[in-house]
1. Is it the case, given these coordinates, that Ile632 is β-branched (Val, Ile, Thr), surrounded by fewer than 22 Cβ atoms within 10 Å (Cβ to Cβ), out of contact with any helix residue (DSSP H, G or I) (no Cβ under 6 Å at 6 or more places or on another chain) and modelled with pLDDT of 95 or more?
2. Looking at (1) part of a loop (DSSP other than H, G, I, E, B); (2) in contact with a His (Cβ under 9 Å, 6 or more places away or on another chain), which one does Gly682 not meet, given that it meets all the others?
3. For region 181-200: of the residues being touching a helix residue (DSSP H, G or I) at 6+ places or on another chain (Cβ under 7 Å) and not acidic (Asp, Glu), which is farthest from Leu333 (Cα to Cα)?
4. Could you check how many residues of region 252-307 are closer than 28 Å to Ile632 by Cβ and small (Gly, Ala, Ser)?
5. Would you confirm whether any residue within region 334-351 is in contact with a Ser or Thr (Cβ under 9 Å, 6 or more places away or on another chain), among the β-branched types (Val, Ile, Thr) and under 30 Å from Leu142 (Cβ atoms)?
6. Exactly one of these conditions fails for Glu328: (1) closer than 30 Å to Val246 by Cα; (2) touching a Lys or Arg at 6+ places or on another chain (Cβ under 6 Å). Give me its number.
7. If I filter region 270-291 for residues that are within 24 Å of Glu182 (Cβ to Cβ), under 15 Å from the mean Cα position of the chain (by Cα) and surrounded by 22 or more Cβ atoms within 10 Å (Cβ to Cβ), do I get at least one hit?
8. If you go through region 661-673, how many residues are more than 10 Å from Arg642 (Cα to Cα), buried (at least 24 other Cβ atoms within 10 Å of the Cβ) and touching a helix residue (DSSP H, G or I) at 6+ places or on another chain (Cβ under 9 Å)?
Amino acid sequence: EAGEMERLEQVIRPDIGILTHLGDAHDAGFKSREEKLKEKCALFSKAKVVAYPAHDPFIAQSIAEYCPDSELISWGRSDDATLMISQIVSSDRTYVEYEYDDIEYALDIPFSDHASIENALTCCLVMHYLKIPQEDITRRMLQLRPVKMRLEMHRLDHNCLLIDDSYSLDLESLQIGLETLEQHSLGRTKALIISDIEKQHTDDYHKVASLIEAHEIDNVYGIGDQIKRIAGFIGGNTSFSLYPTVEDFIKERTWESSGNCVFLLKGARRFEFEDIVRAMRSRSHSAVLEIDLNAMLTNLQFFARKLEPATEIIAMVKASAYGTGSVEVGKFLEHNNVDRLCVAYADEGVELRKAGVSAPIMVLNPDRRNLDKLIDYRLEPEVYDLDFLRYIAKAIPPTPQHPESRPASRIPHPADTSVSTQYPESHPASRIPHRADISVSTSASRIPHRADTSVSTSASRIPHRADTSVSANTSRIQIGIHIKIDTGMHRLGFDPDNIEPLIEALSTQSNVHVVSIFTHLAVADDPDEDDFTRKQIERFTKCYHKIENAIGYSPLRHVLNTHGILRFPEYQFEAVRLGIGLYGVGINYPHQLTPVLTMSAKVSQVREIKKGETVGYGRSFTAKRDSVIATINAGYADGIPRHASGSGYEMYVGNALAPIAGRVCMDMCMLDVTDIQGVVQGDEVEVFGRHASIESLARHCQTSSYEILTRISERIPRVFKFD
């Protein structure tokens with residue numbers, strides 16, 4: 001409001017003023033754009049320097065007028081800009097070339113939406129002004145993440161997805177929400193549930209309609225008395241339905257007849273769209289597993305910083321991504337430039353392919369009965385014995401050799417017509433851009449390709465070096481495989497002391513290409529067993545070179561899992577396998593990693609019992625004093641181990657920890673909340689998360705974090721939170 005910035009200036013007294021842009025927020029409090037900008041500039045009236053975007057002449061002129069005593073610095077394409085932009089190329093990230101103080105620079109910005117790019121360039125300008133070294137600017141820029149938009153995704157029945165972005169409604173956030181909707185549609189019907197816009201401009205509804213048209217929204221559900229104004233602007237391919245109130249929309253329950261649909265909620269705060277979220281999820285279990293994808297990205301970046309630029313990351317998404325949801329997590333990791341994904345069984349890979357995941361997928365436990373799925377869905381099987389290798393060779397006709405190119409490993413999709421690419425004689429020092437680099441997205445700050453310095457603007461797919469392909473000279477099939485060597489785990493794999501039969505078989509097969517050779521370390525997490533671990537790696541290395549020399553090319557090598565990445569970085573080779581570390585659990589880096597998962601339940605009932613009374617099956621808990629017992633709506637059928645009964649494990653409720661009282665039941669369990677004031681029915685209980693850790697639950701149950709994660713029931717709704 002008018003006069004507010006002048007009062008704030010007296011409190012803050014800023015030395016540096018930064019104006020990023022002049023949006024439509026707070027327009028209702030001012031008569032004109034000029035008046036609002038003048039109010040903003042009042043905060044900088046005594047600043048030593050003011051930074052602003054030079055591409056907006058109105059802002060440039062106003063800053064000069066309202067801050068006459070300040071040094072003015074700007075960024076833009078004009079010759080008089082302090083930081084002069086010469087080139088901006090955007091795909092999934094943004095590459096910028098610019099000049100500052102007559103020196104030319106290049107910079108990668110790890111996102112591509114307009115607002116984030118402008119904010120990043122403003123930061124770059126101020127850092128140069130503060131004389132921060134270029135290497136620090138580059139490093140810090142790659143660590144940037146967008147402002148949290150508090151988007152949440154909820155799975156619904158009938159293959160539907162609800163994207164809840166109902167915390168705000170303005171044109172900028174609507175654009176971001178629609179782009180997120182686009183990313184997750186993948187052939188599904190696209191629906192927008194939108195309210196009246198508060199504090200709107202005259203042409204806002206026309207702009208909303210233009211966004212709807214641009215994103216080809218199939219169904220629009222308008223709530224309020226003003227949103228109907230978009231009806232005259234949208235085309236005939238979009239269905240529009242109007243509801244006076246949220247209650248009217250909920251009463252109609254239109255979404256229940258919609259299958260295979262993605263819904264985006266965008267509502268002004270006064271409409272309380274959270275009631276719609278509750279109604280659309282009303283059939284769900286009220287216990288919830290929350291997956292914080294922002295935290296997962298932080299963990300991914302933590303591990304990426306420990307790797308050489310050319311080292312590939314293979315992300316483990318087996319067992320439904322450790323119980324969280326393989327499709328959502330797989331798509332998120334692909335979007336953030338993980339090189340390939342790894343599943344246990346072919347069906348898991350098929351699910352990812354059907355969801356639109358295009359990254360290479362490794363299958364650890366292939367079944368010869370599923371060879372057709374491996375081929376049709378471009379999946380790369382692990383091969384750990386000669387029988388399976390021979391079965392592949394027999395089932396797939398041999399591919400003729402061509403002296404001008406090495407065989408590639410890409411299995412052609414039925415609709416694929418791409419041409420094979422030669423495999424390099426050795427692994428390049430820099431990453432080959434991931435196929436996802438050609439898409440544009442604003443939903444999250446990706447982990448950047450650490451050695452990439454350019455951005456492709458080509459619309460064609462850039463092949464991964466371990467990607468698979470079909471030769472231009474033949475329509476025969478060639479399958480990419482991953483060779484497993486047993487160096488001491490004694491679970492699966494070829495014996496390194498008897499590798500000659502494998503070498504002979506590979507030398508005679510032209511219809512397979514070895515994408516990687518790998519082994520599994522048995523005790524990478526145990527310092528007392530480091531000698532054994534190094535012996536495993538030594539045996540693997542000798543075996544690898546024998547195979548490499550025999551087949552005439554150099555497949556990827558990978559031996560390190562999450563613990564191995566942290567403890568044996570010298571053995572990262574060309575690739576590593578990252579699993580449990582993505583979730584911020586199971587390893588001893590509590591301050592560097594962020595917990596991703598929170599399982600919560602609700603208090604169903606609170607009761608008082610007398611000293612000497614018992615609780616639960618078997619009367620296993622006896623009150624040693626008059627006590628208060630809270631029953632929660634989650635039990636061992638939901639993933640709380642029965643071994644937690646009487647273990648001393650505590651859950652978090654009412655800002656304190658409460659121990660389990662009695663045996664964990666199938667659908668509920670009881671907590672002793674005697675020492676916690678004010679616990680009532682409906683209170684949220686953190687089963688595990690930031691206050692009650694998964695590691696603690698695993699220790700009390702004498703099991704591992706892996707088992708806790710993978711036992712979480714499918715009946716528990718998964719809620720994905722991300723920027």
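1. no
2. Every listed condition holds for Gly682 apart from (2).
3. Among those residues, the one meeting the criterion is Lys199.
4. The qualifying residues number 6.
5. Yes, some residue in region 334-351 is in contact with a Ser or Thr (Cβ under 9 Å, 6 or more places away or on another chain), among the β-branched types (Val, Ile, Thr) and under 30 Å from Leu142 (Cβ atoms).
6. With (1) closer than 30 Å to Val246 by Cα; (2) touching a Lys or Arg at 6+ places or on another chain (Cβ under 6 Å) applied to Glu328, the lone miss is (2).
7. yes
8. Number satisfying all stated conditions: 0.
The values are calculated or read from the model by the stated rules, or taken from the named source; none is laboratory data. Bear in mind that the values here come from a model prediction, so they are computed numbers and not experimental data. Glycine gets a Cβ as well: all are built from the backbone with ideal geometry, and neighbour counts include every protein chain shown.
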